[in-house]
1. Which links in 211/314; 12/194; 80/115; 14/72 stretch past 21 Å when you go from one Cα to the other?
2. With both partners inside the chain, how many of the DSSP beta bridges are antiparallel, as a percent to the nearest 5?
3. Cα convex hull of segment 140-182: how many Å³ per residue?
4. I need to check one value: relative contact order of the chain, counting alpha carbon pairs closer than 8 Å and at least 6 residues apart, in percent.
5. Accessible area of residue 253, 1.4 Å probe, to the nearest 10 Å²?
6. With a 1.4 Å probe and every protein chain kept in, tell me what percent of the accessible surface of segment 4-163 is carbon plus sulfur.
7. Net charge near residue 151: determine it from the other residues with C-beta under 13 Å of the C-beta of residue 151, scoring Lys and Arg +1 and Asp and Glu -1.
8. Using 0.36 nm per residue, how much length does the chain from residue 144 to residue 14 gain when fully extended, once their Cα-Cα distance is taken away?
Amino acid sequence: MDIRFVERKDLKEKPDWNKLGFGKYFTDYMFEMDWDREHEWHDARIVPYGPIQFDPACVVLHYAQETFEGLKAYRREDGKIQLFRPEMNAKRMQNSNERLCMPKVPVDIFVDAIKALVEKEKDWVPTLPNTSLYIRPFVFATEAALGVHMATNYRFLVILSPVGMYYAEGLNPVKIMIEDELVRAVQGGTGFTKCGGNYAGSIAGQVKAEKEGYDQVLWLDGATRTYVEEVGSMNIMFKIDGEIYTAPINEGTVLPGVTRDSMIHILKDWGYKVNEAHLKAEDLMRYGHEGKLEEVFGTGTAAVISPVGKLKFKDDVITINDMKTGELTQKLYDTLTGIQWGRLPDKYGWTVEVC
Ligand SMILES: *Cc1c(COP(=O)(O)O)cnc(C)c1O
C-alpha cells in the first residue's frame, strides 16, 4: 500500500512516562484513508494529528454509524516493538462493519496502516514496564445527509496514545455491580460489535454503579436479565470449584475479546476445563456464599486482566478471595503480559514485530 506522508513542523514534547494514565496523550501523527463507491478504500496518508472537519449533517453525528478497535504496541526489553494478534482486531472490525452496513477495511490494509504509523511514531512507544502505545483504529460515515441510510462516504483513522497501567493502583481488585434493570445487548442486536452506540447506551449503567461505590457494571443477558454476560469493556471469567466459566460468544451478544480468546488458549494449555456457558447471576452469588467462587477476573486489552474483589446483585454482596488478587489471576496476568512485552517466549505465535 502506498502511504502519502504530510510532515508537521514542530513535534510535541513527550509526556512523563511515569504519569501517562490512559488515553490522555496523543502522538504527532495519525493515519487516514477514505472510502467511496467509485474508488473504495483510497488515499492512505499519515498526517499531523489534529482536529478533523465535519459537515453538521455528517451521518455519524446523527445516526452513530461508527466502529472502532483497540490494541497495543509493546516495547520489548531489546528495544524492538511488537503488536499482539492484530489480525484478530482486523477481522473483528470487519464483522462490526458488516453488521453496521459499513465497508470493510481489508485485513492487510488494517495491519499495514497500523505498522506504518507505529513505526513512524516509534519514539512514542514508552519504555517503562507495563507501559505501551494504545492503538485506536476507527471507521465512520462522513457523508453529509440526513435520513437513516447506508452512507456513500466513509473514513478510516488510526490514532495512537501512550498509556500506563490501566488502573493507577496496579493489579488491585475492582468492585462490580450486576445491573438488573438496564441492558447492553440482545440477540440480533449489535452486542458483538465494537460500535460507538453500544457504549453510549452503557454509560447510564456505569453512572449508576459509581453512585453506589462500584467501579464497573456486569451486564446480564438482554432478553431475560438472568445470565451474566460481560463488563463494560471487558469479558469476565469465573473460577468455580476449579473450573473456568465465561459467557459464550456465539449468540452475538458478547464482544469476542482477543484477551478472552488468548486466556482460554492458555487456560486449556494448563489443563483447565473452560466452560463457555450461561451462568445465572443468582447461582453465581450462591457459589460465592458457599465458598465455591474462587476467583473472578475481567479480560480486555486496556487492563489486560482485572481481578474482581466484590460483586453486588440486587441487595446481595459477596467478597471474592478476601479482596485479594487470586493466584490464577496473577499467573495469567504474568503469562500474557510476559508474551506481550517479549519477556516470555511466544509459543503460540501471537506477536507481530513492527520494527
Ligand atoms: C473491547 C471489549 C472487550 C475486550 O476485548 P479485547 O479484544 O480483549 O480488548 C470486551 N467487552 C467489550 C464490551 C469490549 O468493548
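1. Numbers: 211/314 15 Å; 12/194 30 Å; 80/115 13 Å; 14/72 18 Å.
Where the Cα-Cα span goes over 21 Å, the pairs concerned are 12/194.
2. Values: 60 of 74 bridges.
Approximately 80 percent, going by the DSSP bridge assignments.
3. Values: hull volume 7.4 nm³, N = 43.
Cα-based convex hull of segment 140-182, divided per residue, equals 172 Å³.
4. Working: 755 pairs, mean separation 65.9, N = 355.
19 percent.
5. 10 Å²
6. Numbers: 3730 of 7450 Å².
About 50 percent, which is the carbon plus sulfur part of the accessible surface.
7. Details: positive: 37, 155; negative: 34, 36, 55, 66, 143.
That sum, taken over residues with Cβ under 13 Å, equals -3.
8. Numbers: separation 130, 0.36 × 130 = 46.80 nm, distance 3.64 nm.
Residue separation times 0.36 nm, minus the Cα-Cα distance, leaves 43.2 nm.
The values are calculated or read from the model by the stated rules, or taken from the named source; none is laboratory data. Remember, it's a predicted structure, so these values are computed and weren't measured experimentally. A quick note on method: Cβ atoms are made from the backbone with ideal geometry, for glycine too, and the neighbour counts reach across all protein chains shown. When the accessible area is computed, the model is the full protein with side chains, heavy atoms only, and any ligands, DNA or RNA have been set aside. Shrake-Rupley method; radii C 1.70, N 1.55, O 1.52, S 1.80 Å.
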